[in-house]
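Chemist: Quick one: the structure is below, and I'll ask about it shortly.
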């Protein structure tokens, strides 16, 4: 394929630039160990968290029954301790893998950007706004780092935190799945609506940031021309107009985030699910300890509900 650039450098990293997603994937697959390690550690972390809730329910059934011994209680306590320790250890591994992958991708993308700029002709550089290029080279590349860690790392963790507790609820009693599944459907619908409203504002916010940087860089670089033509007021008005537009977009983004419906849906369905579990217990189909385990497992769904407020925003900024 014939290059459209004036220069070609040997240090360039080969990537797939046919679409933004393929470009990101082509960078991520250069470090296959980190995504695999992050996924496995996140799965182990959520598995350990969920079993803490199961063991707490078993401990409650044990101490409310008759004839239990201290050795049995110590055994359950040690199981809870082991699961909690495993949760903490796998959490560290997940964070380690996610952060190393994010830092490596930020380094590679910045290197790719600089190599690409070096390969461009003087005509290209003469047509570009310096401030806009600097915004891409600093803030935009940094946003890619945040997109992977904590953005994609939290989304992966949230997805597993949704799947694993629901799977363990099914092992307790399949009829208890009713409200967790209703919540999952409601979460998908509300998150879709949230992202559709947030995405255009996030893109406009990044574009406006580049516009502000470009305008300032041009005004400072040509300050002598500005002063000789008595254009100080014009430049000031242009800057305040751009800054005001950025502020309006930032406020609009905050308003969208303030109307984050999944947390409201979670609170309602958690309470309804607890009531449903008590009805099943009253019918004698589960123990009270299993009700406690169910409440703990469904309470764990609070994390993916809450953290999606930030993680999807970070991914969209990237």
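None of the figures in this text is laboratory data; all of them are computed from the coordinates on show. For clarity, every value in this text was computed on a predicted model and none was experimentally measured. Counting neighbours? That spans all protein chains shown, and the Cβs are built from the backbone with ideal geometry, glycine included.
Chemist: I'd like the orientation of helix 70-119 relative to the chain: the angle between its Cα long axis and the longest Cα principal axis, in ° from 0 to 90, rounded to 10.
Modeler: So the helix axis and the longest Cα principal axis differ by about 10 degrees.
Chemist: Please grab the % of Cα pairs in the range 141-239 that end up more than 17 Å from each other. Intermediate values should be presented prior to the final figure.
Modeler: Numbers: 3477 of 4851 pairs.
Pairs farther apart than 17 Å: 72 percent.
Chemist: Moving on. Explain nothing, just the number: relative contact order of the range 253-317, from Cα pairs under 8 Å at least 6 residues apart, as a whole percent. Provide the component values of the computation, followed by the final result.
Modeler: Values: 24 pairs, mean separation 27.4, N = 65.
Over the range 253-317, the number comes to 42 percent.
Chemist: Let me ask another. Taking just the alpha-carbon atoms of the range 240-318, what radius of gyration and Dmax come out, in angstrom?
Modeler: 19.7, 68
Chemist: For a quick size check, give me the Cα extents of the chain along its three principal axes, largest first, whole Å.
Modeler: Projected onto the principal axes, the Cα atoms of the chain cover 93, 44, 35 Å.
Chemist: Angle, helix 33-64 long axis vs. longest principal axis of the chain, Cα atoms, 0 to 90°, nearest 10?
Modeler: 30
Chemist: Just grab the label-to-label distance for residue 124 and residue 71, each label 7 Å out from Cα along the Cβ direction, in nm (one decimal).
Modeler: Calculated label separation equals 7.6 nm.
Chemist: Taking the alpha-carbon centroid of each part, what is the distance from the range 169-237 to the range 55-74 in angstrom?
Modeler: Result: 51 Å between the Cα centres.
Chemist: How far is helix 232-258 tilted off the main Cα axis of the chain, in degrees rounded to 10, range 0 to 90?
Modeler: For 232-258 against the chain, the angle is about 10 degrees.
Chemist: Still on this structure: Can you show me the helix-derived [θ] at 222 nm for the chain, built from DSSP H runs with n ≥ 4 at -39,500 (n - 2.57) apiece and divided by the number of residues, rounded to the nearest 500.
Modeler: Numbers: 13 runs with 255 residues, N = 318.
Taken over the chain, the calculation gives -27500 deg cm²/dmol.
Chemist: With the chain treated as a Gaussian network of Cα nodes joined by springs under 10 Å, which of 143, 26, 158 yields the largest mean-square fluctuation?
Modeler: 26
Chemist: If you build a Gaussian network model of the chain, linking Cα atoms that sit under 10 Å apart, which residue out of 74, 256, 286 swings the most?
Modeler: Comparing 74, 256, 286 in a Gaussian network model of the chain, the most mobile one is 74.
Chemist: Just need the Rg to Rh number for the range 165-318, please, alpha carbons only, Kirkwood Rh.
Modeler: Numbers: Rg = 25.2 Å, Rh = 19.1 Å.
My calculation of the ratio gives 1.32.
Chemist: Quote the FRET efficiency, to the nearest 0.05, computed for residue 264 versus residue 85 with a Förster distance R0 of 22 Å and r equal to the Cβ-Cβ distance.
Modeler: Working: r = 35 Å, r/R0 = 1.57.
Efficiency for this residue pair is about 0.05.
Chemist: Which log10 I(q)/I(0) values does the range 182-241 give at q = 0.14, 0.15, 0.19, 0.29 Å⁻¹ under the Debye formula, counting every alpha carbon as one identical point scatterer?
Modeler: Those come out to -0.56, -0.60, -0.75, -1.09, one per q.
Chemist: Given a cut-off of under 8 Å on Cα pairs at least six residues apart, what relative contact order in percent is computed for the range 20-317? If you can, show how the numbers build up before the last one.
Modeler: Details: 306 pairs, mean separation 90.2, N = 298.
Relative contact order, the range 20-317: 30 percent.
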